[in-house]
Amino acid sequence: MATLIRNAKLAHDSWQRLEAAADGGLPSIPPQGDLLVPLKLWQLSSSALLGRPSGRVGVWLAPQEDPALIADSLDALALIAVHFPQFTDGRGYSTARLLRERYGWKGELRAIGDIQRDQLFYLSRVGFDAFELNDGIDVPQEDLLRSAQAALSAFGDFSEAYQTSVERPLPLFRRRGAEVA
Amino acid sequence: MYQYDEIDQKLVDERVAQFREQTQRHLSGTLSEDDFRPLRLQNGLYIQRFAPMLRVAIPYGLLSSRQLRALAHIARKWDHGYGHFSTRQNIQFNWPKLEEVPDILAHLAMVQMHAIQTSGNCIRNTTTDHLAGVAPDEIVDPLVWCELIRQWSTFHPEFAYLPRKFKIAVSGAEQDRAAIQVHDIGLQAVRGDNGETGFRVLVGGGLGRTPIIGTVIREFLPWPHLLSYLDAILRVYNRYGRRDNKYKARIKILVKELTPEVFRAQVDAEWAHLQDGPATLTAAEVARIGSRFTRPQYLKLDALSPQYTQALAREPGFARWAGRNVHEHRVPGYAAVTLSLKKTGVPPGDATTEQMEAVADLADRYSFGELRVSHEQNLILSDVKQSELFAVWQEAKALGLATPNIGLISNIIACPGGDFCSLANAKSIPVAAAIQRRFDDLDYQHDIGELDLNISGCMNSCGHHHVGHIGILGVDKQGAEFYQVSIGGAQGNAASLGKVIGPSFAQDEVAEVIARLIETYLARRDSEAERFIDVVRRIGIEPFKENVYGNAHQKREARARQLAAA
């Protein structure tokens, strides 16, 4: 299981992520527990997912999936995640801003996939507040915890930012003006 | 010169600390080469043929004498005593050690410089007219807008991992000297009906293996919307640009595949959400940035200095240099001067530590301590008194920087090529040297007149061969280095892409081929006023081809010869 950072702290992860099979076949739905499901499963089985006796529902988006497709479902969801197959695939950064700024998602927004400490600063600026670190293969648990702990410092890599973003909706030049006034 | 404020400085310092830590993790083995690569690239660091190459940003080509001295110091202490000025108005060092790069970046930060986003799939250094702020044909001074774009693009969190690199150029003059038609985004500053500043926005231009001239997607973007509109373009590109094939990942391919009309509609739909949002620029911010630029305190001088005109009449060598390397200035009595980095036998764009230091001194004594790097890889003293031009010429001559060849055949644009670059198919520098030697006679060069000759060592086109009146491209033929020649390309307002004249040539044939092209031109021109490019446009490439390859029979023989050689 990947190491989870939530709100800039190491956190326990209660969510189980479901994935489509290699041939595109959708997984069966476990009767309980918090489930993070692919968009397609949500689109086909939202009532089955929500009608379970217990457990919350979240949706994860692949990089090419348009967040507009879940814009009407936000009230029913407890988590949205965006998948980064490689950290150099930057589409998820735009997805996050759209979810936060255009569709008004207020809940947990999680970056999953190839997430490393060196991406945490930018990811947090575009609206992610949770991160599943890519732990690599065969790394001992204690090393993972140590490197995750060290990764937390990445949120402070830069003390300011010029642009408008989810984290600082006003660009620096508008905040400067406010300081003067 | 833009002066950093505390926050500008702090961000650059924090970047040095971040990269130092990343480099340490990489050297200690906890950050793999694959994961480190995109991070080091966004700090300008390539791993090259012999050693790492560090590309330092010179935002919009503007440089102070103090900064140039720092670059000279870096060249001496961490490199082999020289640097290479590139076509993106940057400087590259070819021999730094990986573990020393954080120290180099720290040294740069001391003079308000950095290597941020000079490589990688992000928004690169914004370029502009090397005569920005001083050109007589200027409509809008682009420097303030360039700095606003620099700040907006620096550490933009949404656009750090684009499908491919992204280059923006700004021109504020009637004559485009910033090649805005061959950039991912080209911005032409213009004036609206009431004199207000706005931008004509071009997208999807570019060189590389699919050269395309950019398309105008907005005729007049009022200045307050500059950044939100850029956000909209970049967001459409970030979301929909191709990521499956790096050769089809530039925005030009997206614009082409969608058609410019559909692309524009997508940008407008995105912009509808962003327009008038917090990114909208304010007059106060534009004024604040403007006030952070130091501006030369010009003296009130006569339009024409008698010392200057007398020296022109007295000294033919000086007159020849002034005719090519001195440019008109918007302020009476001043001129801009190009110091040529294109002396025969010197790799185009290279400057030694000693030259950099001497040029910094010249800038201090004659040009308010400021200079520019041009995308043609020369250095510009932008604010020289006419009365001091003769002295500048004499000093520049002593430094080997007064070759009177600006706009002429020997002012070659060339990438570092196969001597340094691991991407190159072929060497550029020896080809440039051979051509410069072939045309070393200055009288002959001046007789040939205005001619842009550009050389790229591979189709990444760093040497802008597509827009050279004559373009030379290094190609790989069964493991041997060959050169494809094209003619008819041009930069500027009437930008066009060159056409390949035929099968490629071996390295030692290239200079002779160029000589044939020139011969054809001289024989066919109406008068000295008709430039090489004008003749190509008038008569087409056939007569040039014929003179190079001969008739069909000679052509077959030439092919057989080439095959035997390859």
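The values are calculated or read from the model by the stated rules, or taken from the named source; none is laboratory data. All values derive from a computational prediction rather than experimental measurement. Using ideal geometry, Cβ is built from the backbone for each residue, glycine included, and neighbour counts are taken over all protein chains shown. Surface areas here come from the heavy atoms of the whole protein model, side chains and all, with no ligands, DNA or RNA. Shrake-Rupley method; radii C 1.70, N 1.55, O 1.52, S 1.80 Å.
Could you give log10 I(q)/I(0) at q = 0.23, 0.26, 0.27 Å⁻¹ for the stretch B:119-176, computed by the Debye formula over C-alpha point scatterers of equal weight, without solvent?
Results for the stretch B:119-176 at q = 0.23, 0.26, 0.27 Å⁻¹ read -0.84, -0.96, -1.00.
Apply the a/c threshold of 1.5 to the C-alpha gyration tensor of the stretch B:413-565 and tell me whether it is rounded, prolate or oblate.
oblate
Sorting check: for A:85-92, B:123-130, which peptide has the highest mean count of neighbouring beta carbons within 10 Å, and how do the rest follow?
B:123-130, A:85-92
For B:Gln307, put the label point 7 Å out on the Cα→Cβ axis and report which residues of the stretch B:362-380 keep their amide N under 12 Å from it.
Flagged as within label range: B:366.
Once you charge only the Cβ atoms, +1 for Lys and Arg and -1 for Asp and Glu, what is the size of the charge dipole of the stretch B:132-283 about its Cα centre, to the nearest 20 debye?
Approximately 1040 debye in magnitude.
Can you give me the distance in nm between label points at B:His73 and B:Asp440, each placed 7 Å from the Cα along the Cα-to-Cβ direction?
Reported label-point gap for B:His73 and B:Asp440 is 3.8 nm.
Can you figure out the FRET efficiency of A:Arg102 with B:Asn460, using R₀ = 30 Å and their beta-carbon distance, to the nearest 0.05?
0.25
Return the calculated 222 nm mean residue ellipticity for chain B, to the nearest 500 deg cm²/dmol, obtained by summing -39500 (n - 2.57) across DSSP H runs with n ≥ 4 and dividing by the residue count.
Calculated mean residue ellipticity at 222 nm is -12000 deg cm²/dmol.
As a test of understanding, state the convex hull volume per residue of chain B from its alpha carbons, in Å³.
159
Roughly how compact is the protein assembly as shown, stated as its Cα Rg over 2.2 N^0.38 Å to two decimals?
Expressed relative to 2.2 N^0.38 Å, the Cα Rg reads 1.02.
Probe radius 1.4 Å, ligands and nucleic acids ignored: give me the carbon and sulfur share of the accessible area of the protein assembly as shown as a rounded percent.
51
Per DSSP H run of n ≥ 4, the term is -39500 (n - 2.57); total these for chain A, divide by its residue number, and report the mean residue ellipticity at 222 nm rounded to 500 deg cm²/dmol.
-7000 deg cm²/dmol
Between A:Arg176 and B:Glu528, what is the label-to-label distance in nm when each label sits 7 Å out along the Cα-to-Cβ direction?
5.1
For each cysteine in chain B, check whether another cysteine's C-beta sits under 4.7 Å from its C-beta; list those where none does.
So, B:Cys122, B:Cys146, B:Cys421, B:Cys458.
Could you compute the FRET efficiency for B:Glu257 and A:Leu152, with r as their C-beta to C-beta distance and R0 at 45 Å, rounded to 0.05?
0.60
Taking the simple approach of a point 7 Å from Cα along Cα-to-Cβ for both B:Asp268 and B:Arg330, what is their distance in nm?
3.3
Applying 1/(1 + (r/R0)^6) with R0 = 22 Å to the Cβ-Cβ distance of A:Ser14 and A:Arg52, what FRET efficiency is obtained, to the nearest 0.05?
0.90
How would the stretch A:7-48 be classified by its alpha-carbon gyration tensor: rounded, prolate or oblate, with rounded meaning a/c under 1.5 and the a/b versus b/c comparison settling the rest?
Judged from the Cα gyration tensor, the stretch A:7-48 comes out prolate (a/c at least 1.5, a/b above b/c).
Determine the shape class of the stretch B:306-398: with a ≥ b ≥ c the square roots of the Cα gyration tensor eigenvalues, call it rounded for a/c under 1.5, and otherwise prolate if a/b is greater than b/c, oblate otherwise.
prolate
Could you let me know the centre-to-centre spacing of the stretch B:1-58 and the stretch B:283-342, using Cα atoms, in angstrom?
Using only Cα atoms, the two centres lie 37 Å from each other.
When ligands, DNA and RNA are left out and all protein chains stay put, how many square angstrom of accessible area per residue does the stretch B:6-110 have with a 1.4 Å probe?
Averaged over the residues of the stretch B:6-110, the accessible area is 37 Å².
For chain A, what are Rg and Dmax over the alpha carbons, in angstrom?
When restricted to Cα atoms, chain A yields Rg and Dmax of 17.4, 60 Å.
Per residue, how much accessible surface does the stretch B:127-291 expose to a 1.4 Å probe? Answer in Å², no decimals.
Value for the stretch B:127-291: 32 Å² per residue.
Quick one: putting +1 on the C-beta of Lys and Arg, -1 on the C-beta of Asp and Glu, what dipole do you get for chain A around its Cα centre, in Debye to the nearest 20?
Value, rounded to 20: 680 debye.
What percent antiparallel are the DSSP beta bridges of the stretch B:88-209, to the nearest 5?
55
When you have a sec, figure out the Kirkwood radius of the stretch B:6-110 from all distinct Cα pair distances and drop it here in Å to one decimal?
It works out to 14.2 Å.
Per-residue mean of other chain beta-carbon atoms within 10 angstrom of the beta-carbon, peptide A:168-174?
Taking all residues of A:168-174 together, the mean is 6.
Restricting to chain B, what percent of DSSP beta bridges are antiparallel, rounded to 5?
80
Counting only DSSP beta bridges with both residues in the protein assembly as shown, what percent are antiparallel, rounded to the nearest 5?
Taking every DSSP beta bridge within the protein assembly as shown, about 65 percent pair in antiparallel fashion.
Place a point 7 Å from the Cα of B:Ile47 along the Cα-to-Cβ direction; which residues of the stretch B:9-38 have their backbone N under 15 Å from it?
B:23-38
Output the pairs from A:Lys40/B:Lys252; B:Lys343/B:Lys427; B:Lys300/B:Lys397 with a Cα-Cα distance over 30 Å in this structure; if there are none, say none.
The answer is A:Lys40/B:Lys252.
So how much accessible surface do A and B hide from each other in total, probe 1.4 Å, in square angstrom to the nearest 100?
3500
Nearest 20 debye, what's the magnitude of the dipole of chain B about its Cα centre given +1 on Lys and Arg Cβ and -1 on Asp and Glu Cβ?
Result for chain B is approximately 1260 debye, rounded to the nearest 20.
Per-residue Cβ counts within 10 Å, from other chains only, averaged over B:223-232: what number is that?
1
Cα extents of the stretch B:47-182 along the three principal axes, largest first, in whole Å?
45, 35, 27
Project the alpha carbons of the stretch B:127-291 onto their principal axes and report the range along each, largest first, in whole Å.
44, 33, 30
Averaged across orientations, what area in nm² does the convex hull of the alpha carbons in the stretch B:221-280 project?
Value for the stretch B:221-280: 4.1 nm².
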